[in-house]
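This report concerns only the one structure given below.
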Amino acid sequence: MCESVLRKGRHSVSRLVVHLVFATRYRKRILESNHLARMHSVCIRVAEKSGFQLLEFNAEPDHAHLLIEHLPATPVSQLVSQIKGVTSRV
């Protein structure tokens, strides 16, 4: 797990961490190790491009857990749409 620090702006200090869980439809156990490895690499690439930090990624055959640290200006809905959009296309 990556160590995160406080993000300091001109007038604020923040550390926003969100825990996201992505589940397969009907919680079917269809994700294999190669799918999960690919999903992890795609999430890291999206994080680098979008300016948030992927602190932790854990997954099982029917769901994936992501622990993400983001900036206050970035809404959680935007994070989710970026991750789900890119991973579904790939």
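Brief remarks follow.
- Compared with the dominant principal axis of the Cα atoms in the chain, helix 33-50 is inclined by about 20°.
- For region 13-90, the solvent-accessible area with a 1.4 angstrom probe is 62 square angstrom per residue.
- Heavy atoms of Ser88: accessible area, 1.4 Å probe, square angstrom to 10: 90
- Largest accessible area first, the residues Ile68, Ile30 order themselves as Ile30, Ile68 under a 1.4 Å probe with ligands, DNA and RNA left out.
- The chain, Cα convex hull volume normalised per residue, Å³: 91
- Relative to the dominant Cα principal axis of the chain, helix 76-89 is inclined by about 40°.
- Sequence-distant residues sharing a close amide H with Leu55 (under 5 Å, placed H): Leu67, Ile68, Glu69
- Simple Cβ-charge dipole of the chain, Lys/Arg +1 and Asp/Glu -1, about Cα centre, in debye nearest 20: 320
- Once the chain from His65 to Ser88 is taken as fully extended at 0.36 nm per residue, the excess over their C-alpha distance is 6.7 nm.
- Cβ-based charge dipole, region 27-88, positive-most Cα from Ala59, Val86, Ile44: Val86
- GluC sites (Glu not before Pro) restricted to DSSP loop in region 8-89 with at most 15 other C-beta within 10 Å: Glu32
- When the chain is treated as a GNM with alpha-carbon contacts under 10 Å, the residue of Ala73, Ala59, Ala47 showing the greatest mean-square fluctuation is Ala73.
- Taking each DSSP H run with n ≥ 4 as -39500 (n - 2.57) and averaging over every residue of the chain yields -12000 deg cm²/dmol at 222 nm.
The values are calculated or read from the model by the stated rules, or taken from the named source; none is laboratory data. Remember, predicted model here, so these are calculated numbers, not experimental data. Using ideal geometry, Cβ is built from the backbone for each residue, glycine included, and neighbour counts are taken over all protein chains shown. Note: accessible area is taken over every heavy atom of the protein model, side chains too, but ligands, DNA and RNA are not part of it. Shrake-Rupley method; radii C 1.70, N 1.55, O 1.52, S 1.80 Å.
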